[in-house]
Amino acid sequence: MLLCSSSAAIRRISVSWLIMANNSNFKSHRLSRSDDAALALERSAKRPRTMSTHSSLKDAFSSYADHLNALNEKRERIVKASRDVTMNSKKVIFQVHRISKANGEEVLEKAEKDLAAVRDQHISRLVKELQGTDFWKLRRAYSPGVQEYVEAATFFKFCQTGTLLNLDEINASLLSLSDPSLEPLQINLLDYLLGLADLTGELMRLAIGRISDGEVEYSERICQFVRDIYRELTLLVPLMDDGSDMKTKMDTMLQSVVKIENACFSVRVRGSEYIPLLGSSDPSSFLVGVSDAEL
């Protein structure tokens with residue numbers, strides 16, 4: 001009987017051990033299958049995501065490179081167009097300086113045609129490149145040409161009518177060059193004021209030249225006109241945020257005002273001495289010492 005009890009106990013222990021072993025194997029097998037499935041899922045998920053990310057970054061940087069290359073090419077075209085505007089605007093200024101009592105209408109008529117050619121042939125290239133875009137980003141590329149064009153246009157206007165060509169009138173003359181469906185190129189206020197500052201230098205040369213021709217009253221009108229410009233800009237420039245270039249030109253403008261005033265003052269105070277000597281090389285002439293560039 002003791003033997004039977006021992007055998008039964010052994011069988012129960014064996015059965016329990018087998019059950020535990022089976023459960024352990026099942027759990028380990030289930031965990032192993034779960035780990036394998038999770039690892040496979042992770043690998044399958046990571047591989048496409050990595051390839052997709054690499055491809056999208058490559059496409060993004062390719063588009064950035066294309067955009068920058070196109071922008072640089074446009075900047076180079078704008079710089080070249082600006083140089084052409086500068087060169088031809090200077091020719092208009094030189095043409096206007098040939099004016100005198102005898103040939104005034106002829107000189108101004110040719111200058112008007114030359115100025116229209118600058119607008120239609122060269123300013124139009126700038127408009128074509130810049131209309132419909134954020135042209136403020138490219139301002140440094142075309143600003144020198146625009147300033148020279150403003151100087152030529154205002155100089156011609158003064159010699160023609162004795163008045164100042166304002167910014168709205170200049171921008172209105174450029175509207176016909178733009179596509180009506182796109183944002184037109186408009187000259188900004190800073191470039192207009194910088195061109196206006198350069199105008200005073202040309203007016204100073206014109207005033208000295210008119211004095212040498214005996215047109216003292218005309219030179220005095222120029223003097224008053226330049227004074228008014230300088231006075232108004234003196235009040236405006238300290239309020240400008242981006243006025244570093246303008247502040248530099250204000251010193252040159254003051255020198256132009258002083259030169260015109262001195263010339264007009266000398267003629268008025270000592271006119272009987274100087275009028276016969278105008279344009280001569282006599283050492284007593286007040287024009288001696290004024291460089292040819294200023295005459």
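The values are calculated or read from the model by the stated rules, or taken from the named source; none is laboratory data. The structure presented is a predicted model; accordingly, all values stated were derived computationally and were not measured. Because the Cβ atoms are built from the backbone with ideal geometry, glycine has one as well, and the counts that use them run over all protein chains shown. With ligands, DNA and RNA removed, areas are computed over all heavy atoms of the protein, side chains included. Shrake-Rupley method; radii C 1.70, N 1.55, O 1.52, S 1.80 Å.
Some notes on this structure:
- Counting only residues that are touching a residue at least 40 places away in the same chain (Cβ under 8 Å) and either surrounded by 17 or more Cβ atoms within 10 Å (Cβ to Cβ) or in a helix (DSSP H, G or I) (or both), region 154-176 holds 8 of them.
- Selection status of Ala81, at pLDDT below 90 and either in a helix (DSSP H, G or I) or open to solvent by less than 50 Å² (accessible area, probe 1.4 Å) (or both): no
- Evaluated against (1) buried (at least 16 other Cβ atoms within 10 Å of the Cβ); (2) over 29 Å from Ser82 (Cα atoms), Val258 falls short on exactly one condition, (1).
- Ala207 touching a Leu at 6+ places or on another chain (Cβ under 8 Å) and open to solvent by less than 10 Å² (accessible area, probe 1.4 Å): no
- Failed condition for Leu185, given (1) over 17 Å from the mean Cα position of the chain (by Cα); (2) more than 20 Å from Phe156 (Cα to Cα): (1)
- Test: residue in region 131-150 that is without any contact (Cβ under 8 Å) to a residue 40 or more places away in the chain and open to solvent by less than 10 Å² (accessible area, probe 1.4 Å): no
- When Tyr230, Tyr218 are checked against the criterion of being within 19 Å of Gly195 (Cα to Cα) and assigned by the TED database to the domain that holds Leu194, a single residue qualifies: Tyr230.
- Test: Lys113 is open to solvent by less than 60 Å² (accessible area, probe 1.4 Å), among the basic types (Lys, Arg) and without any contact (Cβ under 8 Å) to a residue 24 or more places away in the chain: no
- Restricting the first member to region 177-188 and to residues that are crowded, with 16+ Cβ neighbours inside 10 Å, and the second to residues that are outside any loop (DSSP other than H, G, I, E, B) and β-branched (Val, Ile, Thr), the beta-carbon pairs closer than 7 Å and six or more apart or on different chains are Leu177/Ile123; Leu177/Val127; Ser178/Val127; Leu185/Val127; Ile187/Val146; Ile187/Val150; Ile187/Ile170.
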